[in-house]
Amino acid sequence: MSGRTIAVAAAIDDTFANGLLVTLHSAARNLSPGWELETYVFGFEITPASRARVDQGLAGLPVRLHWRKLDLSAVDPYWPGLNNPRDTTCYYRLFLGDTLPETVDRVLFLDADLLIHRDLAELWHLPFEGNIAMAVPDAYPRGHRSRLSRIAFADGQRFTGDTPYFNAGVQLIDLSRWRTERIGSRACELLWKYKDQLDGRDQDALNITLAGRWKRLPPTWNFHELPEGPDDWDAGGA
């Protein structure tokens with residue numbers, strides 16, 4: 001990809017087609033001139049009408065869409081915490097390293113419920129500084145941390161009441177290191193081993209696997225709720 005191309009990944013079912021359109025349309029409208037979004041959309045039971053609506057809604061904007069079908073042999077209805085097959089989309093982000101082209105070594109994963117007001121080019125080239133991912137701390141981290149700190153993880157893993165916890169709706173990922181260090185596979189293993197205790201499902205598994213190896217982004221990149229405490233989104237908060 002060129003230096004002005006942002007690799008984006010999203011996973012949706014048909015009910016989120018309109019949300020995806022809003023997310024990508026708002027992102028494209030705020031891009032710096034000359035930039036474009038190389039977007040991989042993994043869909044579950046997307047109707048032709050919904051796909052056409054997204055394609056038409058983005059016509060003329062700097063977005064190249066690559067529609068992919070979710071491979072249910074990897075993610076199926078029997079995964080931990082799933083109530084129906086449509087929920088498989090929440091697990092797709094764990095398989096980014098396996099399913100995106102090898103030429104993609106950095107990717108921005110976006111949930112399909114975002115309204116983007118800033119230029120994603122500002123985010124794209126931020127340095128990882130030795131981390132594997134960047135994300136915004138969750139607005140309500142205390143319950144997550146308290147819950148995960150009570151789990152007796154094997155192999156010396158610990159998640160304490162002070163361990164930072166991020167929201168997985170927006171993640172900038174060093175996909176090369178993600179692949180090398182098997183982040184997705186290790187998160188999947190955690191899900192199966194502690195499936196009855198990881199109420200946050202894939203987000204919990206990623207927070208455990210990436211503990212100490214993700215970089216905090218300002219809340220402007222994923223303003224999802226007002227924080228539960230004044231320090232939760234401060235530079236020193238978690």
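The values are calculated or read from the model by the stated rules, or taken from the named source; none is laboratory data. Source: prediction; values computed, not measured. Cβ: placed from backbone, ideal geometry, glycine included. Neighbour counts: every protein chain shown. Remember, those area values only see protein heavy atoms, side chains included, never the ligands or the DNA or RNA. Shrake-Rupley method; radii C 1.70, N 1.55, O 1.52, S 1.80 Å.
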With a 1.4 angstrom probe the carbon and sulfur portion of accessible area for the chain, in percent, totals 50 percent
Magnitude of the Cβ-charge dipole (Lys and Arg +1, Asp and Glu -1) of the range 127-194 about the Cα centre, nearest 20 debye, reported as 260 debye
HN-Hα couplings for the range 166-178 via Karplus (6.51, -1.76, 1.60; θ = phi - 60°), in whole Hz with x for Gly/Pro, come out as 9, 8, 8, x, 9, 9, 9, 10, 7, 5, 5, 5, 4
Here the convex hull volume per residue of the range 1-141, taken over Cα atoms and given in Å³, is 133 Å³
At the level of C-alpha centres, the distance separating the range 166-198 and the range 1-65, in angstrom, is 24 Å
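Rounded to the nearest whole Å³, what is the per residue volume of the convex hull around the Cα atoms of the range 84-187?
Details: hull volume 16.2 nm³, N = 104.
Spread over its residues, the Cα hull of the range 84-187 gives 155 Å³ apiece.
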Partner aspartates and glutamates whose C-alpha sits under 12 Å from that of residue 195, ignoring same-chain residues fewer than 8 away, are 204
For residue 63, the residues 5 or more places away or on another chain with a placed amide H closer than 5 Å to its own amide H are 37
Quick calc, the range 147-231, dipole around Cα centre from Cβ unit charges on Lys, Arg (+) and Asp, Glu (-), nearest 20 debye, gives 360 debye
Counting only protein heavy atoms and rolling a 1.4 Å probe, one gets per residue an accessible area for the chain in Å² of 46 Å²
What the 10 Å binned alpha carbon P(r) of the chain shows, as percent of pairs per bin from 0, is 7, 32, 38, 19, 3, 0
Phi-derived 3J(HN,Hα) across the range 137-152 with the Karplus relation (6.51, -1.76, 1.60, θ = phi - 60°), rounded Hz, x for Gly and Pro, is x, 5, 6, 10, x, 5, x, 4, 5, 4, 5, 6, 5, 8, 8, 8
Checking the range 127-200 for GluC sites (Glu not before Pro) in a loop per DSSP with at most 14 other beta-carbon atoms within 10 Å yields 129
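Could you work out the helix-only [θ] at 222 nm for the chain, with each DSSP H run of four or more residues adding -39,500 (n - 2.57) and the total divided by the number of residues, to the nearest 500 deg cm²/dmol?
On the way: 8 runs with 67 residues, N = 238.
It lands at -7500 deg cm²/dmol.
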Which of 15, 103, 47 fluctuates most in a GNM of the chain (C-alpha springs under 10 Å)? That residue is 103
